[in-house]
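Here the structure is laid out as structure tokens; the discussion comes afterwards.
The values are calculated or read from the model by the stated rules, or taken from the named source; none is laboratory data. These numbers were taken from a predicted model, which means no experiment stands behind them. To get the accessible areas, we keep the full protein, side chains included, count just its heavy atoms, and leave off ligands, DNA and RNA. Shrake-Rupley method; radii C 1.70, N 1.55, O 1.52, S 1.80 Å.
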Amino acid sequence: MDKPVDLVEFETMLLGRYMHLLSPKARGAVGRLDRSAYILLSRIQAEGPMSIGQLSAAFGLDASTLNRQTAAMLRAGIVERIPDPEGGIARKFAMTEEGERRLAADRAENRKGLAKVLTDWTAEEVADFAAQLSRLNRDVERLDGRPWPRE
């Protein structure tokens, strides 16, 4: 690992692993969303109801993958199909109250896990780290051509 980019690759690989371990789901908690549902719900929360086509464009996933994922989410009662609020032909997926509750609960648990890890960091260190992560994500999104909506 002679190059800084090698270190970034290695540390982001570990970060992906450790973020999973922070989650109570990794320790056997029941009722947690799986990773794909968490990410899809987060996008629907940010943009509002979305069709399979819109989800495909947002994530670069094929319709068959999204059909499987959204079918599981429908069965779990965390999304529902609704007519397009703008009058389009395609039906859209909207979060249910249960989906909103579970996403909020999972996000709170993720934040709690991160807070434990960052307990000895100063507010400035946390803010600097968040800014660097944001920069990394925005640069990935710029290259991919699929920016994530941010508030």
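Sort Leu55, Leu136 by heavy-atom solvent-accessible area, probe 1.4 angstrom, most to least.
Of Leu55, Leu136, the descending order of accessible area is Leu136, Leu55.
If DNA, RNA and ligands are ignored and the probe is 1.4 Å, what is the ranking of Tyr18, Tyr38 by accessible area, most exposed first?
Sorted by accessible area, descending: Tyr18, Tyr38.
Report the extension gain between Leu133 and Ala105 in nm, rounded to one decimal, defined as 0.36 nm multiplied by the number of residues separating them, less their alpha carbon distance.
7.8 nm
Where does each of Leu40, Leu14, Leu7 land when they are ordered by accessible area, with a 1.4 Å probe and the largest first?
Descending accessible area places them as Leu7, Leu14, Leu40.
Please work out how much length the chain gains when fully extended from Leu74 to Ala57, using 0.36 nm per residue of separation minus the C-alpha to C-alpha distance, in nm with one decimal.
Length gained, Leu74 through Ala57: 4.1 nm.
Residue by residue through segment 95-106, which ³J(HN,Hα) values in whole Hz follow from phi under the Karplus form 6.51 cos²θ - 1.76 cosθ + 1.60 (θ = phi - 60°), with glycine and proline marked x?
Listing the rounded values in order: 6, 8, 4, 5, x, 5, 5, 5, 5, 4, 5, 5 Hz.
Across 10 Å bins from 0, what is the distribution of all Cα-Cα pair distances for segment 81-140, in whole percents?
18, 25, 28, 20, 9, 0
Return the label of the correct value of Cα extents along the principal axes in Å, as calculated from the structure shown, out of [x] 52, 36, 27; [y] 47, 31, 25; [z] 54, 34, 30.
Entry [x].
Could you pull out every residue, at least 5 positions away or on a different chain, whose amide H is within less than 5 Å of the one on Lys92? Hs are placed 1.01 Å off N in the peptide plane, and Pro or chain starts have none.
Ile82, Asp84
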